[in-house]
Amino acid sequence: MLDERVFRRKLRCTVAQLRAVRVEENGEPLVDIRRGRTELRVNSSVDPHLQAFTGTTLFARKEVVRRVHLANKRIGELLPGAELLVWTAYRHPYHVVSQFVGALAIARRMNPELTYRQAENVVDPFRSVPDISPHATGAAVDVTLVINGKDGKLLPPKNDEDALKHRTKFHPFSLDVREFVRKRRLALRRVMLEAGFAPTMEEWWHFSYGDREWTRFYKQRVAMYGPIQFVV
């Protein structure tokens with residue numbers, strides 16, 4: 001049973017707070033997120049830049065994958081006709097750097113007064129600071145919903161500039177969206193937290209397990225996963 005206080009918890013971590021979290025890498029391998037189970041829907045158009053490292057397969061830590069499948073089973077019970085669709089999971093650190101630099105440039109163009117450190121905190125977690133990126137550890141997944149075989153219309157950002165300009169619209173509890181959208185986002189949040197994932201306040205689609213963000217959210221002693229260099 002999910003504690004409602006945990007479900008409603010709103011935790012915003014600064015880059016400095018996340019960097020302060022100790023990591024004790026447990027060596028768990030990255031595996032194909034589908035693991036031969038075709039019932040899990042995955043993104044069919046993987047970023048070409050990411051394909052240079054991991055091809056068209058989405059990877060995550062073994063325990064992360066197990067928990068994703070648990071959440072996928074649960075969502076149909078909570079919201080009839082609903083299934084998870086995994087957009088992305090592991091991202092090679094080089095790919096993370098490229099995404100972060102692009103978003104940082106947008107943030108500083110939008111607000112030239114920002115220092116570099118201030119811009120880091122504006123951009124993170126939309127495009128994570130590379131050394132603390134959950135995706136670079138294989139701990140994170142970005143997920144949405146498919147309902148009765150169709151787009152669940154949870155309204156992701158169109159691009160990085162949209163994400164940075166309209167931040168509150170993408171909060172899981174946002175009141176800037178229609179009621180049915182908010183309810184679907186919260187159903188997604190519920191099943192992912194029931195499966196042991198940690199959310200972020202800025203992205204309704206992003207969840208992680210075993211990384212620094214998860215450690216802060218659940219007040220654990222150390223993170224289990226650090227950045228990993230993985231190619232296929």
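Rule-based calculations on the coordinates, nothing more; no lab input. Given the structure is predicted, the values throughout are model-derived calculations rather than measurements. All Cβ positions, glycine included, derive from the backbone under ideal geometry; neighbour counts span all protein chains shown.
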**Fill in**
A chain fully extended from residue 173 to residue 66 at 0.36 nm per residue, minus the present Cα-Cα distance, gains in nm 35.9 nm
**Prompt:** Spin-label point model (7 Å from Cα, Cβ direction): what's the residue 78 to residue 39 distance in nm?
**Reply:** 1.7
**Request:** Rank-order 117-125, 214-222, 140-148 by packing density, defined as the average count of other C-beta atoms within 10 Å over each peptide's residues, highest first.
**Result:** 140-148, 117-125, 214-222
**Asked** What are the ³J(HN,Hα) values, in whole Hz, obtained from phi via the Karplus relation 6.51 cos²θ - 1.76 cosθ + 1.60 with θ = phi - 60°, for each residue of the stretch 126-143 in sequence order, with x given for Gly and Pro?
**Response** 3, 10, 4, 4, x, 6, 10, 5, x, 5, 6, 9, x, 8, 10, 10, 9, 9
**Message:** Exceeding 27 Å between C-alpha atoms, which entries from my cross-link table qualify? They are 165/219; 10/183; 62/153; 10/150.
**Reply:** 165/219; 62/153; 10/150
**Fill in**
Under the rule rounded for a/c under 1.5, else prolate if a/b exceeds b/c, else oblate, using alpha carbon gyration tensor axes a ≥ b ≥ c, the stretch 2-43 is classed as oblate
**Asked** What ³J(HN,Hα) values, in whole Hz, does the Karplus curve 6.51 cos²θ - 1.76 cosθ + 1.60 give for the stretch 146-163 when θ = phi - 60°, with x put for Gly and Pro?
**Response** 10, 10, 6, x, 10, 3, x, 6, 8, 6, x, x, 6, 6, 4, 5, 4, 4
**Request:** Provide the descending list of Cα extents for the chain along its principal axes, expressed in whole angstroms.
**Result:** 48, 41, 37
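Which ordering of 75, 33 is given by a fewest-first count of other beta-carbon atoms within 10 Å?
By the 10 Å Cβ count, ascending: 33, 75.
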**Item:** Percent RCO, i.e. relative contact order, over the stretch 1-111, from Cα pairs under 8 Å lying at least 6 residues apart
**Value:** 27
**Item:** Choice from 213, 194, 161 with maximal GNM fluctuation in the chain (Cα, 10 Å cutoff)
**Value:** 161
**Message:** Give me, ordered by chain and number, the residues 5 or more places off residue 88 or on other chains with an amide H under 5 Å from its own placed amide H.
**Reply:** 142
**Item:** In sequence order, calculated HN-Hα J values of the stretch 24-30 (Karplus, 6.51, -1.76, 1.60; Hz; x Gly/Pro)
**Value:** 10, 4, 9, x, 5, x, 7
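Averaging sequence separations of C-alpha pairs under 8 Å and six or more residues apart, then dividing by the length of the stretch 4-217, give the relative contact order as a whole percent.
In percent, rounded to a whole number, it is 25.
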